[in-house]
Amino acid sequence: MAGGFVSQTPGVRNYNYKLTPKVFVTCFIGAFGGLIFGYDLGISGGVTQMEPFLEEFFPDVHRKMKSAHQNEYCRFDSQLLTLFTSSLYLAALVSSLFASTITRVFGRKWSMFLGGFTFFVGSAFNGFAQNIAMLLIGRILLGFGVGFANQSVPVYLSEMAPPNLRGAFNNGFQVAIIFGIVVATIINYFTAQLKGNIGWRISLGLACVPAMMIMIGALILPDTPNSLIERGFTDKAKQMLQSIRGTNEVDEEFQDLTDASEESKQVKHPWKNILLPRYRPQLIITCFIPFFQQLTGINVITFYAPVLFQTLGFGSKASLLSAMVTGIIELLCTFVSVFTVDRFGRRVLFLQGGIQMLISQIAIGVMIGVKFGTVGTGNIGKTDANLIVALICIYVAGFAWSWGPLGWLVPSEISPLEIRSAAQAINVAVNMFFTFLVAQLFLTMLCHMKFGLFFFFAVFVLIMTIFIYLMLPETKNVPIEEMNRVWKAHWFWGRFIPDEAVGVSAAEMQQKSV
Ligand code: BGC
């Protein structure tokens, strides 16, 4: 059993590089890729709360929202309204599948550029929308952008970063996501106070700013050494590696990258190969991590915090303000992961964060259940409402240093080069599919499951925490092209990795790791 829980895998090289300004600046700009995803996540919930927006496009919901005797749980239940939010994620799902080929063949940076560009066009459609069709076309284009960016950016960051700081650098993506969310909520807070249609137009149209940042960023970014080698630019790759590592002593790492690339050349069809038994651990983890990340229920808060707070009886302005507070807490707490993920490792954060989320979700469910019962009518006092907001913040903090950043980090670092782009596409597609499902179903689920919804997500958090405990080996400090050794040393996954992939048998690896 011990093999599953080792933090130092035998035989894994430790390159121990210093942090160079070049890699820092490159990853800082690369992480911008998270901004478009975050901006959109943060803007949708607030816009769907704005009365002029609802009046213009969703008059039925607007009427229902105004009705005084509505069941609190069902006030905003409308499939069309949720389709506005969730259509983007279906588009992102589809585009991530194409994006994987572009990322592999043309490199990570062009995939990012394309992401920024389609997002830019989408923001124009939305900002100038005259009817529902324009609104939905805009959403779909935004979705394409998100699919491309989420496909390429985490992989870009993981490949650029020195192995001993990969977690922190990759977490930059999540920091950018949350930063995008917070900025969007602040913008919503102000635009919601504007009269007429101008408010929502500004909120949706301003998505062009993060889009431009990514486009410009992608143009000036260099490609990763891994991708350069994969595409045959060996000399350029070596120079790039030397310059980002800040030393000429990169032979060992360069050799590992070249070996990985040689091996990956044997693989002609990444999509077919990923189904081979030797990639089973990566495939299963790559499918489960994004599934579980969404089943934490985080996007109930991300999309619908303002709705949820209004359901709790807060006024519209107070609701947007509370959503802003939870966003800022999430941003600050993501830095806990940035500073600890390479020291304590991924597993500790996953396990601690999971337990914290579990406890707070149960407490929120109990409190809402006691106050609104199953009928869904009732009043909640100020103290109780504040207590629920505090519990939501504790839950969000737990997510912020565990499933949030690690949900993107782990899938981007566990697969060998030959299947990396395909694996990342699966990661994004699964993530987007369940983001879509939660976004689409949340308001209906709240309407029918009532406070039980929080228990529903709590059960999943329990399952995922056990899953991590048993099935996820520690990957901190392990060079990305040496990850096979980690799988080989695992008590369960070891059997799937052929001896020649690491040059040692599973029994030997596990023995060394005890
Ligand atoms: C998740 C999103 C979520 C965001 C902010 C990301 O890691 O993929 O679904 O909305 O974090 O909480």
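Of note:
- Evaluated at q = 0.16, 0.17, 0.21 Å⁻¹: base-10 log I(q)/I(0), Debye formula over Cα of region 325-416: -0.69, -0.75, -0.96
- Residue-wise HN-Hα coupling along region 436-452, computed from phi with Karplus coefficients 6.51, -1.76, 1.60 (Hz; x: Gly, Pro): 4, 4, 5, 4, 6, 9, 3, 5, 5, 5, 4, 5, 9, 8, 6, 5, x
- In this structure, the residue pairs whose Cα-Cα separation is over 26 Å, taken from K268/K488; K236/K272; K268/K476; K109/K488; K236/K476, are K236/K272; K268/K476; K109/K488; K236/K476.
- Tail weight of P(r) past 23 Å, computed on alpha-carbon pairs of region 383-514, percent: 50 percent
- Shape class for region 28-176, computed from the alpha carbon gyration tensor (a ≥ b ≥ c): prolate, with a/c not under 1.5 and a/b above b/c.
- Over all distinct Cα-Cα pairs of region 434-503, the Kirkwood formula returns a hydrodynamic radius of 15.2 Å.
- Share of Cα-Cα pairs in region 248-317 lying beyond 18 Å, as whole percent: 67 percent
- Under conditions of 37 °C and 0.692 mPa s, the chain yields 142 µm² s⁻¹ as its translational diffusion coefficient, taking Rh as the Kirkwood radius over Cα pairs in the Stokes-Einstein equation.
- Once the Kirkwood radius over Cα pairs is known for region 147-221, the Stokes-Einstein relation at 37 °C and 0.692 mPa s delivers a diffusion coefficient of 230 µm²/s.
- Excluding same-chain neighbours fewer than eight residues apart, no aspartates and glutamates are reachable from K22 by a Cα-Cα span under 12 Å.
- Computed over the chain, relative contact order equals 28 percent, with contacts defined as Cα pairs under 8 Å that lie 6+ residues apart.
- Cα extents for region 255-388 along the principal axes, largest to smallest and rounded to whole angstrom: 65, 33, 26.
- Database remark: amide H of V267 closer than 5 angstrom to no amide H (H placed geometrically; neighbours at sequence offset of 5 or more, or on other chains; Pro and chain starts carry no H).
- Probe 1.4 Å, accessible area per residue of the chain, Å²: 36 Å²
- Per-residue HN-Hα couplings for region 33-42 [Karplus 6.51, -1.76, 1.60; θ = phi - 60°; Hz; x = Gly/Pro]: x, x, 4, 5, 4, x, 4, 5, 4, x
- The convex hull around the C-alpha trace of region 189-261, projected and averaged over every direction, spans 7.5 square nanometres.
- Sulfur and carbon atoms: percent of accessible area, the chain [1.4 Å]: 68 percent
- Relative contact order (%) - region 354-469, alpha-carbon pairs under 8 angstrom, separation at least six: 49 percent
- Area accessible to solvent at D60, 1.4 Å probe radius, in Å²: 100 Å²
- Taking region 151-235 and dividing mean pair separation by its residue count, relative contact order in percent (alpha carbons under 8 Å, at least six apart): 25 percent
- Cross-link pairs K195/K382; K371/K450; K195/K317 - those with Cα-Cα distance over 20 Å: K195/K382
- Peptide packing: for 395-401, 94-100, the average count of neighbouring Cβ atoms within 10 Å per residue gives the ranking 395-401, 94-100, highest mean first.
- A simple rule links phi to the HN-Hα coupling: the Karplus curve 6.51 cos²θ - 1.76 cosθ + 1.60 with θ = phi - 60°, which for region 210-224 gives x, 4, 5, 4, 5, 4, 5, x, 4, 5, 8, 6, x, 7, 6 Hz, with x for Gly and Pro.
The values are calculated or read from the model by the stated rules, or taken from the named source; none is laboratory data. Predicted model, so just to flag it, every value in this text is computed and none were measured. Ideal geometry is used to build each Cβ from the backbone, glycine not excepted, and the neighbour counts take in all protein chains shown. Quick note on the areas: whole protein, heavy atoms, side chains included, nothing else; ligands and nucleic acids left out. Shrake-Rupley method; radii C 1.70, N 1.55, O 1.52, S 1.80 Å.
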